[in-house]
Each structure stands twice: as C-alpha cells, then as structure tokens.
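Read the structure below first, then the notes.
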Protein chains: 2
Amino acid sequence: MSDEQTATRGKAARPPLTAVSQMPWSIPRLIDRPVDPLDPEGVARLDAGVMRILADIGVDLQNGDAALALRRAGCRVTGTTVRFDPAFVAEKLALVPRSFTITPRNPARAIPVGDGHLLFGCVSSAPNAWDLERGKRSGDRAAFREMLALAQHFNCIHFLGGYPVEPADVPAASRHSECMAEMLTRTDKVCHAYSLNAAQAEDAMEMVRLAAGLSPGEFAAAPRMFTNINSLSPLRYEGAVLDAAMRFARQGQPVIVTPFAVAGATAPVTLAGAVALALAEGLAVITLLQVIQPGCPVMLGGLSPSADLKTGAPVYGTPEYIRATQMTGQMARHYGLPLRGSAPSNAPVPDGQSMAETSNAVWAALQAGSAMIYHAAGWLESGLMASPEKFLMDCEMLQGIQRYCDAGLLATDPTALALDLLRDVGAGGHFFGTRQTQDRVGSVPRPFLSELRPYEAWHQDGAVWSSERAHRLYPRLLEECIAPPMADAARGALEEFVADRRQAAGIPVDA
Amino acid sequence: MSDEQTATRGKAARPPLTAVSQMPWSIPRLIDRPVDPLDPEGVARLDAGVMRILADIGVDLQNGDAALALRRAGCRVTGTTVRFDPAFVAEKLALVPRSFTITPRNPARAIPVGDGHLLFGCVSSAPNAWDLERGKRSGDRAAFREMLALAQHFNCIHFLGGYPVEPADVPAASRHSECMAEMLTRTDKVCHAYSLNAAQAEDAMEMVRLAAGLSPGEFAAAPRMFTNINSLSPLRYEGAVLDAAMRFARQGQPVIVTPFAVAGATAPVTLAGAVALALAEGLAVITLLQVIQPGCPVMLGGLSPSADLKTGAPVYGTPEYIRATQMTGQMARHYGLPLRGSAPSNAPVPDGQSMAETSNAVWAALQAGSAMIYHAAGWLESGLMASPEKFLMDCEMLQGIQRYCDAGLLATDPTALALDLLRDVGAGGHFFGTRQTQDRVGSVPRPFLSELRPYEAWHQDGAVWSSERAHRLYPRLLEECIAPPMADAARGALEEFVADRRQAAGIPVDA
C-alpha cells in the first residue's frame, strides 16, 4: 500500500483540476421547516400503533445479552422477544442527545449531526460496480478505491457510509480491516464501520483510534465514527449485529438504527402500517442502547421503499417513498430522534429516470428533516450498483442543494433589493454589465457537469449527454485526486494492524 | 382538416393502449404547507421595496388606454410611465378572487384554480421540436399536432398553455386562428390564447365561444379560457399586449401576468432585487386589470431564471431558481394572488441533467404554492425545444406528484395501521402474499416508463435507457390517441371561422 501512497502524496504539488469548480468544504444548514404530512391526530394514532407493537407484539432481539439487559430493566421478555412498556420507552428516548458532533482523524472534517445541519454521504454497500464502458461487474478493490477518491475529492460529500462498493477481490477473512484501513487512509472524513459482529466492531474502533492517534480514553470521550444497523423486518434483529451495536454504544460511538421495512413485502402495504413497524423496530433498539449506555448518540434511519406489487422488489423515489419518508421524519421529531435519510433510486443506468428518482428521494430526505443523507451520490439499481458517473451527476445536484441552503440567497437588505440600481438602469435597461452583476462572476461556482449552452454549441462539441460527460470527466478527476495527509505514525500503526489481521487469517502479508 | 378528424374519430372504438396505465382524470390537491423562505421582516422589506418601485420608479405601460384609465383612477402618469400609490394597489389587490374555475367546452375538464388545487400544463411556445431520431428542427404542424394529442391523452395534463411548439409551416397571417381551432378540436381541455394584439385576442375568445356553443353572454359569464402575458423587464410592457390583456379581462377571462425578470440580465443579480422587480411588474398590470374590470380573475406568474454569468443566458432549476420561486410564492400569498409556477430546465436532451433540473423546478413550484404549473411536460433547452420523449418522462413524474397528493397515502385508521395483520404475520414473516397486499395489485398504476426490474432483465431486453424507451413508446401512444368528441355544429362553426380568417389573409382555403 505504501508505494501507492507515496505516489499519491507526490501529486500534492499539482494544481487542482480547473474543470470542476467546487464550493469549499462547509456544513450546510437547512432553514426550511420540515413537511409534516400528518395532522396531530395522525401523529397520535401512529404513535399509539407503535406503542402497541412494542407493548403487545414485541420485537425479537436475538441476542441474549440484550434480552437480559432489558429484562433487568423491567421489560417483559419471552425467549428473545421483548415487549416494552410505553412509559419505559419514553423515559429512554428522553436520554437521546438531540445533536452531537462526530470528529474524524482530521478535526477540520468534524460533522455536526442534528440542529438543522445537513450532511451528505456517498453510496454504501453496493455489491457491484457499474460504469458506462464496462457495464455491471462485481465490485473490486479498484472500484472501491475510485469511489473513495471521489468521496474524498468532493466537498459536498461529508461522510462515508459503508464500503461504497464491496471489494469482492479482497480476502473475506481480512476484508473488514483492509477496507477500514483504506477508508481511514484515503479519506480524512468521518467513516462508518459495519456492525456485523463483535470482533469486527472492536477492530474498527481500534483502527479509527489508531488513525487519529488517540488514547483509548480520548477515543471513547467523543464520537469519532459511526455504525448503521438494519432490522430483519418484520420485528427481528440478528444477534451478532446487536452485539456489535452495543459495543459501539458502550464506547460512545453513534449507532444509526435503520429498519428495512418494505411496504408490501417485509411490512404491511399501507404506509402507516409500514412506518409504524419501522418505528417500533427502531425504537426497540434505541431503547436497548439507552439502557446499555444512557445518553449514547443514536439516530433513527429512514429508508422506506415499497414493494413493486408485480415483482415484490423494493422500489424507491416513488410517491409512497416520499410520504413514508416524511412520516418517518415527523415521528422522529415527535420522539426527539435525529434522522438519517437516504437518496436511493431504481434505475439501472444514470439516465433521466435515475435522476428523477434520486431528486425525489433527496427532496423527501430534506422534507423529512434528515440530519444525514446516506447513499446521496453514486447509487444505481436499488443499491445493487455503485457508479462513478452517477456519483458525479449526484454531486452536481448536492452542490446545488448545498448552495440552496445558503441563507445569503434570501437577503433582503438594501444592497440585495438594489432599488437604486434599478432606478439607474431604468425601464428597458440591462443589468448584465452592472458592477453588482459582474462582481458575482466567479464567486458562485458554475455547474461542473450541466450543459447550459445553446443546443448548437453543445451539438458542435459532440452532442454528449450528461452520463457520458460524467464518464469522460471522472477519470480526469481521479488523476487529480489528492490523498489527505496522514501522520506516519498513524499510517504505520494501521498497516501493522492490517498485517496482523491478515496473518491471523492466514493471508500472506505481501499479497 | 375534416378528413383527418373523421379518421381520428373512427379510432374511438379501439381499445386503449394497455402499456400505459394512467390514473384517471382528477384534480390533485396539495395539502403540504408551502415553503416560506423569508421571515416576517424579509416579507416586510420585500413588500416595501415593491411598493417603492411602484410609487417612486414606476412601470412603463406602453398603452394609452391603460395609462389613461390609471390616470383617471388617480395614479401619477408621465408619458406611459405609471406610478402607483401603495394604498391604491392594496385596494385593487383586495378585489382579486382567491380562486375561480375555468370551464372549457367539455365541462368535465373544468379546472379549479386556487384553493390548494394543483394543475399541470404542457410545454408552451417552443419554437423548435426535438426528438431522439431527428434532433432539433423548426416546429411544424405535425409536431404541434403530436404534442396536442399527447396533452389530450395524458390525464395528468390539465390544461394547455401556448402552442406546445410553434408550427412555423402554418401561414403566419392566419396561424393564430388555425392553431386555436386545432387546440379546441383536438383537445377538450382548458386552452390558453396569446395576448399579442387586440384582433387575435378577440378572435380567440370568439373561437372558444363557438367551440363550446355558448352565447356571448354565457361566454363572458365565467372563465372559459385564459391568457398569459410577459413583461419586457425591466419595468416595461408592450402596448399591444396590454390591449389584448385588457380585452380578456373585460370578458371575465383570466389573465396570468408573468414578469420575465432574469436575475443578472433583465433584473438585478440578487434574488430579492429580481423578485421585487418581478412583483412590481406583476402588481402594476394586475392593478390595471382590476381598474378596468374590478374583480376579474388574474394570477401572478412565477418564472425566475438567473443569468448564467458566463453567457448571460437564463438558467432554470438552479438553487437560485428554487429560492426565487419560493420567494415569489410567499409574496403572492402575502398579496392574496393565485400563483402560476413553471417547470423549466436547461438541458439540450432528455438526459439525467434535464430530469434533475425539471424535478427541482417542479418541487420549487409545489413549495411556492402554485395553483398552475406551466411547461410541466415536454420542455427542453430553456424552452427553445419541445420533445415528445421529455413529455412522457415528465408525465411519469407528474403522475407521481398526482399520486403524492392522494391523502389516502396518509391514512392512519386501524386498517392502515394493520396491527392485527402484523401480529398474524409475526417476526420474520412476509406480507407480499397477504390479502391486504394482493388487493392493492392493479389498483395503483405502475410507472409506465420507469425500469423497476433487475439490471439483468433490463439488459436482456436490449439495455434501453429511459429517453429511448420514451422514444419507442410515444409513436405507439400517438396511434392510440383518441380525439375528444365534438358537436358537429361547433366543429363547423370553427371551420367556418378559420376559413374566413384565411380568406381575409389571402390564403387559399383548401391549402
């Protein structure tokens, strides 16, 4: 790994690519009021439904430690099925912090979660890669690294979720440590770690600690990373996943609990039924974590597909998806929980359909009051593929949303109203040449991918569609991508850690 | 014309195309609260700016009758520049109806404007046509008819704006009557008529009256059509346009006043400056119309592009566009005016860029509280081209928005919560086979254009992207399109009217 890194570091002196004008790294803050699709009676009914699920039906938490902890806390436990008293749930929800900050190895990349801030993450956990030239193929290390480089490069990407694409060519036995090391080395942004089992969770925390050069105490003193877990809807969680989640919680590392309730498949086909189920599943584990580690940072995850009633497959970005997302957000506010939204789509290629679906999903996430938006760049085919072209097309949209959040657009002071200028220019005049207009040139980044010229100019340049423009641009961007600096000690510690894990797995260290 | 119409009517017996599942004709109603980007102080400042423009700078209404009417009403008039007292404007704005209904020749297609209803219209006034096979070309009668057929076919299109595409091959001298006849014959939806001059306005009203078989008194008793006028920003209106608009108003026909203030070109580059200018321009003519015909139906039009600071060309769907649209909507509510929104985009082809931009614009129009959304289907290249492929892709989105408006999605009654079903299915179970899910199959229209299948199924079917799918589908749709029935007397009267206008223009009647 070190040879490549040296090479990458050697590039640091090259000038940045001028073709892509980016907004600087910043944390947008959305001032828009979230959309509340339910009236107060609807909220009360949905809440009553959630509480009935928790109290009467129960959630199967297939983990002995979890069940024991909840039994000791007064819950009714039958096998691993736990039933929760609503007052008990309310008491635990009251412990959840409304906002918190996650600080990665580069403190300048710290992300504030909650309090109106808006954070975008790249596509996560796609098993396949896709690009315009090669089409669909199994994910590999090269594709994984490309996506990491893009995620690091774009300032509108604030964090990394799971592996952007699964590198199937990395030995499974040591993949978690190798991938974690790549993420921590090739980016300096907040990283997610999987909660698949206890050992991997402990390894991930140790690696984040090493990468940041923290003592164990320093590490546990504040959020440094996060994990995300999914339910096995309906009403079930895998035991090993809960084990890992509890370990993160004990170390004060944020846990996002994202039920995967597909309306009409793993959940009732009605939105209220699907959302009530998802909320009950989410609240069950959030309650568990507050029992394990009172006050630990948690989020509710919103991912609300419906089943295509012809095939049963989950579909995204539909009207049902938007409303279910908004309902989830409204209930998250009701319960005082920060929300993680998503930006998925169904389309197999980065075409008009894909962008229409992603746009709907992004707006739904904004309307739901999401603090973090997962899968915001690069997702295709219902999450089965990660694509660099789609990544760039999404980043164009995300930069727009980020600029949309700029409160300066809404200024109404005398300079913004420009009445004196209007009087000077007068009826039939023009503002393009005025100082006020010309002063703006260059201060607002132009879209880097969108075609704004007349048709004829575009046609003369080869009539290149947006997906193809993205396809031509991303290799140039990859050439220019600069790995973030990293202390040699931290780098060495990570390399040693990975070597150790490879050795333990019987994999030659120099492979 | 009559031969073709007979042929079209002969098709009425054929079964509808099963490939496109449509929602039935209905008028959606949006329950979401509009987005208010400005705080009360911002509203007050913007209002004060608008009133200063109207009172101190004035608007050049280049029409003697208009200037005279306003002078008599107490306004200060210098040449054709009119300055308005804020109290006078407020008094006239109070006369504007908050909502009204426009009834076309088929009363079943009446559209309620305002009161939360949401109406979509097709692309208007594109000089060129584009399709995937032929590329860009000057608009012609064939393209004009194709767009009319699609606009009639899709239930999510509630009204027609201006000519969807300009038929340059129709003689200019009689184009207005020929096109109006085609619109009134080939569709039974509410039609727009241009306000280019007095004669054309009078002709259009007469033709709408004839098409509906109304007496002059019946025609003027209620809105039957509408017009839309644009300003010559900054601060000017063409005299002939005002003449036409006043004629529509006197006959009780709705007038949409849409300033075309391009931030950084025909308006200040700042959003507050551009919106204040647009509002002042809009209020000036709305005030005029309320003087001419107190209580006549009017709307404020919102179309808020910014200039690309590299080229000066208007661009749409940007963050600036969204915020300016929302600001305009908030101020329209402040002034008690129904709002017309728009759904434009910049892209030269129906690719990912085009759908991302259109989606942003549609959401902006919804967030602004628009009663009507113009240009909602088929617009490309900043309005310079109309495309059937884009039309279908947009209709897919509009059907989704229409379904999004279905309050049934938000039901929280016991059936929707489905707690008993959840208990029965239990942890680890599945809902796809349940009666509640299966009862939904077929009741919700599936997307007609979107690809929801796995990548492999899509790839095996030829790997067709959404624009190409739309390209293959629209000719099949055109074959199936059914012209609406029309009384022979009305048809004859229209034909006679057009023949008369052609004769007057020296064009052979059998051309």
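The values are calculated or read from the model by the stated rules, or taken from the named source; none is laboratory data. Keep in mind it's a predicted model, so treat the numbers as computed, not measured. Backbone-built Cβ (ideal geometry, glycine too); neighbour counts: all protein chains shown.
When B:ARG33 is tested against (1) in contact (Cβ under 8 Å) with a residue 24 or more places away in the chain; (2) surrounded by fewer than 13 Cβ atoms within 10 Å (Cβ to Cβ); (3) not in a helix (DSSP H, G or I), only condition (1) is not met. The set of residues in the stretch A:176-218 that are acidic (Asp, Glu) and either out of contact with any Ser or Thr (no Cβ under 6 Å at 6 or more places or on another chain) or free of Cβ contacts under 8 Å to residues at least 24 places away in the same chain (or both) comprises A:GLU178, A:GLU182, A:ASP188, A:GLU202, A:GLU206, A:GLU218.
Just checking, how many residues over the stretch A:284-296 are among the polar types (S, T, N, Q) and buried (at least 21 other Cβ atoms within 10 Å of the Cβ)? Residues meeting the conditions: 2. Checked against the criterion of being surrounded by 18 or more Cβ atoms within 10 Å (Cβ to Cβ), of a type outside the set (Phe, Trp, Tyr) and either outside the structural domain of B:GLU182 (by TED's automatic domain parsing) or touching a residue at least 24 places away in the same chain (Cβ under 8 Å) (or both), the candidates B:LEU452, B:LEU478 yield just one match: B:LEU452. Would you say A:GLY369 is more than 30 Å from B:GLU451 (Cβ to Cβ), within 17 Å of the chain's Cα centre (by Cα) and more than 8 Å from chain B (Cβ to nearest Cβ)? It is true that A:GLY369 is more than 30 Å from B:GLU451 (Cβ to Cβ), within 17 Å of the chain's Cα centre (by Cα) and more than 8 Å from chain B (Cβ to nearest Cβ). Checked against the criterion of being among the β-branched types (Val, Ile, Thr) and either under 30 Å from B:ARG469 (Cβ atoms) or surrounded by fewer than 24 Cβ atoms within 10 Å (Cβ to Cβ) (or both), the stretch B:335-352 has at least one qualifying residue. Restricted to the stretch A:297-333, and to residues that are surrounded by 24 or more Cβ atoms within 10 Å (Cβ to Cβ), more than 12 Å from chain B (Cβ to nearest Cβ) and modelled with pLDDT of 95 or more, which residue is farthest from A:PRO268 (Cα to Cα)? Selected residue: A:PRO297.
Among the residues making up the stretch B:339-396, those that are small (Gly, Ala, Ser), closer than 17 Å to B:ILE27 by Cα and touching a residue at least 40 places away in the same chain (Cβ under 8 Å) are B:ALA365, B:GLY369, B:SER370, B:ALA371, B:ALA376, B:ALA377.
For the stretch A:368-413, a tally of residues being over 23 Å from A:PRO127 (Cβ atoms), in contact with a Gly (Cβ under 7 Å, 6 or more places away or on another chain) and of a type in the set (S, T, N, Q) returns 2.
Could you tell me how many of the residues in the stretch A:230-255 are within 17 Å of the chain's Cα centre (by Cα) and surrounded by fewer than 24 Cβ atoms within 10 Å (Cβ to Cβ)? Here the count works out to 1. Candidates A:VAL444, A:VAL498: the one that is within 26 Å of B:ALA276 (Cα to Cα) and either free of Cβ contacts under 8 Å to residues at least 24 places away in the same chain or under 27 Å from the mean Cα position of the chain (by Cα) (or both) is A:VAL444.
Scanning the stretch B:402-421 for residues that are more than 15 Å from B:SER443 (Cβ to Cβ), at the interface with chain A (Cβ under 7 Å from one of its Cβ atoms) and not aromatic (Phe, Trp, Tyr) yields B:LEU410, B:THR412, B:LEU417, B:ALA418, B:LEU419, B:LEU421.
What about B:ALA411, is it of a type outside the set (Lys, Arg), touching a strand residue (DSSP E or B) at 6+ places or on another chain (Cβ under 8 Å) and on the phi < 0 side of the Ramachandran plot? Against the criterion (of a type outside the set (Lys, Arg), touching a strand residue (DSSP E or B) at 6+ places or on another chain (Cβ under 8 Å) and on the phi < 0 side of the Ramachandran plot), B:ALA411 does not qualify. Across the stretch B:19-72, the qualifying residues are those that are among the charged types (D, E, K, R) and over 30 Å from A:ALA411 (Cβ atoms), and the one among them that is nearest to the chain's Cα centre (by Cα) is B:ARG29. Residues that are over 10 Å from A:ALA267 (Cα atoms) and surrounded by 17 or more Cβ atoms within 10 Å (Cβ to Cβ) within the stretch B:425-435 comprise B:ALA427, B:THR434, listed in sequence order. Screening the stretch B:45-65 for residues that are more than 10 Å from B:ARG83 (Cα to Cα) and at the interface with chain A (Cβ under 7 Å from one of its Cβ atoms) and picking the one that is surrounded by the most Cβ atoms within 10 Å (Cβ to Cβ) gives B:LEU46. Considering the stretch A:259-284, the residues that are touching a residue at least 60 places away in the same chain (Cβ under 8 Å) and in contact with a Ser or Thr (Cβ under 8 Å, 6 or more places away or on another chain) include one that is farthest from A:ARG52 (Cα to Cα), namely A:ALA263.
When B:GLY426 is tested against (1) farther than 30 Å from B:ARG137 by Cβ; (2) more than 10 Å from chain A (Cβ to nearest Cβ); (3) not aliphatic (A, V, I, L, M), exactly one condition is not met: (2).
For the stretch B:239-276, filtering for residues that are of a type in the set (Ser, Thr, Tyr) and more than 9 Å from chain A (Cβ to nearest Cβ) leaves 1. Would a scan of the stretch A:498-507 turn up a residue that is buried (at least 18 other Cβ atoms within 10 Å of the Cβ), at pLDDT 95 or above, under 30 Å from A:ALA199 (Cα atoms) and not basic (Lys, Arg)? Yes, the stretch A:498-507 contains a residue that is buried (at least 18 other Cβ atoms within 10 Å of the Cβ), at pLDDT 95 or above, under 30 Å from A:ALA199 (Cα atoms) and not basic (Lys, Arg).
Kindly evaluate A:THR358 against the criterion of being more than 8 Å from chain B (Cβ to nearest Cβ) and either surrounded by 24 or more Cβ atoms within 10 Å (Cβ to Cβ) or in a strand (DSSP E or B) (or both). Against the criterion (more than 8 Å from chain B (Cβ to nearest Cβ) and either surrounded by 24 or more Cβ atoms within 10 Å (Cβ to Cβ) or in a strand (DSSP E or B) (or both)), A:THR358 does not qualify. Looking across the stretch B:383-442, the residues that are among the aromatic types (Phe, Trp, Tyr) and at pLDDT 95 or above come down to B:PHE391, B:TYR404, B:PHE431.
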